[in-house]
Amino acid sequence: QKCGGWGGGGRERAAEPGGVLEHLQTVPTLPEEWQDRQTQKNGVWKAASHCSEIRLHPSGALLFVGNRGHDSLAVFRVLEGDEGRLELASIVPTLGACPRNYNFSTDGRWVIVGNQDSDTLTVFECDIQKGTLTKAHQADCPAPNFVYTVPPPRKFVPNHAA
């Protein structure tokens, strides 16, 4: 499993109208012993693990890639001074089967993973500096397939000037 990075002038060029993404980097999302591993399901050979989701942390400092089969999140540092190239920080087990989807709390402190085949949600605390995750909580949830964090309500400040 490999994921490409931004290229040809970085994010700014790709974000321009008509901008083009060009190959910059290929990085593995699995430990070496899992790369090129295959399995057979219903008579068909396929990769033993594949990417489920790619998300940029709210800080922009980390990129997360979910691995179904290996049941992990690969966490990469985004190297700002190097055209946004990626450097592997950690590969963390999701503590469940088939991480279908995951998302961040609005402040980026927490990562919530929906493990579809084990019927669990796992909450991790995210260390942005180290690029590591620490389990904080796990809860039962039937076949979670999408995780969305609801922003906290805005504080209402009445206008008494009138």
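Below are the figures for this structure:
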quantity	calculated
Failed criterion for residue 30 (all others in (1) open to solvent by 20 Å² or more (accessible area, probe 1.4 Å); (2) within 27 Å of residue 140 (Cα to Cα); (3) part of a loop (DSSP other than H, G, I, E, B) hold)	(1)
Pairs, first basic (Lys, Arg) in segment 18-38, second at pLDDT below 90 and not in a loop (DSSP other than H, G, I, E, B), C-beta under 8 Å, six or more apart	37/47
Test: residue in segment 135-149 that is open to solvent by 70 Å² or more (accessible area, probe 1.4 Å), modelled with pLDDT under 95 and out of contact with any strand residue (DSSP E or B) (no Cβ under 9 Å at 6 or more places or on another chain)	no
Qualifying position, being within 12 Å of the chain's Cα centre (by Cα) and more than 14 Å from residue 143 (Cα to Cα), among 92, 113, 123	92
Residue 5 open to solvent by less than 50 Å² (accessible area, probe 1.4 Å) and either over 28 Å from residue 144 (Cα atoms) or modelled with pLDDT under 85 (or both)	yes
Residue 50 open to solvent by 20 Å² or more (accessible area, probe 1.4 Å), closer than 19 Å to residue 33 by Cα and in contact with a Leu (Cβ under 7 Å, 6 or more places away or on another chain)	no
Test: residue in segment 105-125 that is at pLDDT 95 or above and within 19 Å of residue 26 (Cα to Cα)	no
Test set (1) surrounded by 15 or more Cβ atoms within 10 Å (Cβ to Cβ); (2) hydroxyl-bearing (Ser, Thr, Tyr); (3) assigned to a loop (DSSP other than H, G, I, E, B) - residue 59 fails condition number	(1)
Segment 136-147 residues that are touching a residue at least 24 places away in the same chain (Cβ under 8 Å) and more than 17 Å from residue 111 (Cβ to Cβ), paired with ones that are in a loop (DSSP other than H, G, I, E, B) and open to solvent by 60 Å² or more (accessible area, probe 1.4 Å) (beta carbon under 7 Å, 6 or more apart)	143/119
Test: residue 107 is at positive phi, open to solvent by 10 Å² or more (accessible area, probe 1.4 Å) and not hydrophobic (A, V, I, L, M, F, W, C)	no
Pick from segment 126-162, criterion farther than 19 Å from residue 90 by Cα and of a type in the set (A, V, I, L, M), ranking: farthest from the chain's Cα centre (by Cα)	162
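Yes/no per residue for (1) more than 24 Å from residue 118 (Cβ to Cβ); (2) open to solvent by less than 40 Å² (accessible area, probe 1.4 Å); (3) in contact (Cβ under 8 Å) with a residue 60 or more places away in the chain; (4) assigned to a loop (DSSP other than H, G, I, E, B):
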{"position": "67", "(1), (2), (3), (4)": "no, yes, yes, no"}
{"position": "70", "(1), (2), (3), (4)": "no, no, no, yes"}
{"position": "75", "(1), (2), (3), (4)": "no, yes, no, no"}
{"position": "78", "(1), (2), (3), (4)": "yes, yes, no, no"}
{"position": "91", "(1), (2), (3), (4)": "no, no, yes, no"}
{"position": "96", "(1), (2), (3), (4)": "no, yes, no, yes"}
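The values are calculated or read from the model by the stated rules, or taken from the named source; none is laboratory data. Model, not experiment: these values are computed from the prediction. Neighbour counts are summed over all protein chains in view; Cβ atoms, including those assigned to glycine, are modelled from backbone coordinates with ideal geometry. With ligands, DNA and RNA removed, areas are computed over all heavy atoms of the protein, side chains included. Shrake-Rupley method; radii C 1.70, N 1.55, O 1.52, S 1.80 Å.
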